[in-house]
Amino acid sequence: KAGVTQTPRYLIKTRGQQVTLSCSPISGHRSVSWYQQTPGQGLQFLFEYFSETQRNKGNFPGRFSGRQFSNSRSEMNVSTLELGDSALYLCASSPGQVGYGYTFGSGTRLTVV
Amino acid sequence: GESVGLHLPTLSVQEGDNSIINCAYSNSASDYFIWYKQESGKGPQFIIDIRSNMDKRQGQRVTVLLNKTVKHLSLQIAATQPGDSAVYFCAENMGGNNRLAFGKGNQVVVIP
């Protein structure tokens, strides 16, 4: 079966702009989580969506938001981009029960200039 | 807190030898642990997982050991191969939440 698909793979944006990233989970998976990966902070949890509802949220400012559609595809949005938002954004797909099968996509590399 | 840390930032290992990567976790309520491998330009790839009701679990060439008493996790890779060169992360699932807390990562370099 197809894996987790993230688009686009690479993005370059200017400070102050906004960006939308997309994640298509494994077929049948209802949970999508988003993570930010930077060299300094490592992998940090942003939020999780399950059945179109945000179920968990990490410690990121409100500029980071997301949503999930009825087909479980998810998008995350970052508004008013800052240089420090440059990172690899990863999404993880899972069936939804706690503690089962987190599969990651290849990520979107965002560079803010 | 959400601290999951690795003791060694870089591990150099001779091809064919066994590798051991260690990880300390801080939340005694965590009940599910995963090891991931991340190669350059790719997302984390699942290696093996273990639940808190187990002490040991084996996969193909990999073994995970869990010591809940000292909150320690280790990954053993048998007969390390050049393709094992990557960054390895441990992650804990913090009981009741569908979220993972990751360690900083440990670079494994396999010397041919």
Inset, instruction - Can you tell me how much longer the chain between A:Gln97 and A:Thr7 gets when fully stretched, taken as 0.36 nm per residue apart minus their C-alpha distance, in nm with one decimal? - result: 29.9 nm
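When ligands, DNA and RNA are left out and all protein chains stay put, how many square angstrom of accessible area per residue does chain B have with a 1.4 Å probe?
Values: 5210 Å² over 112 residues.
On a per-residue basis, 47 Å².
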Legend entry - Estimated vicinal HN-Hα couplings, Hz - segment B:45-57 in sequence order (Karplus 6.51, -1.76, 1.60; Gly, Pro = x): 10, 4, 10, 6, 10, 8, 9, 5, 8, 10, 9, 8, 8
Inset, instruction - Name the long-range amide H neighbours of B:Lys104: under 5 Å, sequence gap of 5 or more, or other chain; modelled H, no Pro or chain starts. - result: B:Leu6
Inset, instruction - Could you tell me which of B:Ser28, B:Ala91, B:Val108 has its Cα farthest along the dipole of chain B towards the positive end, charges placed at Cβ (Lys, Arg +1; Asp, Glu -1), taken about the Cα centre? - result: B:Ser28
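Nearest 20 debye, what's the magnitude of the dipole of chain B about its Cα centre given +1 on Lys and Arg Cβ and -1 on Asp and Glu Cβ? Working shown, then result.
Working: 10 positive and 9 negative charges, 42 e Å.
Dipole about the Cα centre, nearest 20: 200 debye.
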Inset, instruction - In square nanometres and to one decimal, what's the mean projected area of the convex hull around the Cα atoms of the protein assembly as shown? - result: 12.2
Legend entry - chain A: most fluctuating residue of A:Tyr89, A:Tyr100, A:Tyr35 per GNM, C-alpha cutoff 10 Å: A:Tyr100
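Would you mind telling me the share, in percent, of accessible area of chain B contributed by carbon and sulfur at probe 1.4 angstrom?
Values: 2480 of 5210 Å².
Carbon-and-sulfur percentage of accessible area, whole number: 48.
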Inset, instruction - Check the protein assembly as shown and count each lysine pair with an alpha-carbon distance under 24 angstrom, considering only pairs eight or more places apart or from different chains. - result: 14
Inset, instruction - Using a 1.4 Å probe on the heavy atoms of the protein chains only, list every residue of segment B:73-112 that has 30 Å² or more less accessible area in the complete assembly than in its chain alone. - result: B:Asn98, B:Arg99, B:Leu100, B:Phe102, B:Lys104
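Relative contact order (percent) for chain B, with alpha-carbon contacts under 8 angstrom and 6 or more residues of separation? Don't skip to the answer; put the middle values down first.
On the way: 288 pairs, mean separation 41.8, N = 112.
Relative contact order of chain B: 37 percent.
Rounded to the nearest percent, how much of the accessible area of chain A (1.4 Å probe, protein heavy atoms only) is carbon and sulfur? Intermediate values should be presented prior to the final figure.
Numbers: 2490 of 5180 Å².
After summing per-atom areas, the C and S share lands at 48 percent.
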Inset, instruction - Report, in debye and to the nearest 20, how large the dipole of chain A comes out about its Cα centre when Lys and Arg carry +1 and Asp and Glu carry -1 on their Cβ. - result: 120
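The values are calculated or read from the model by the stated rules, or taken from the named source; none is laboratory data. Just so it is clear, the structure is predicted and the values come from calculations on it, not from any experiment. Note that we place each Cβ from the backbone using ideal geometry, even for glycine, and neighbour counts take in every protein chain shown. Quick note on the areas: whole protein, heavy atoms, side chains included, nothing else; ligands and nucleic acids left out. Shrake-Rupley method; radii C 1.70, N 1.55, O 1.52, S 1.80 Å.
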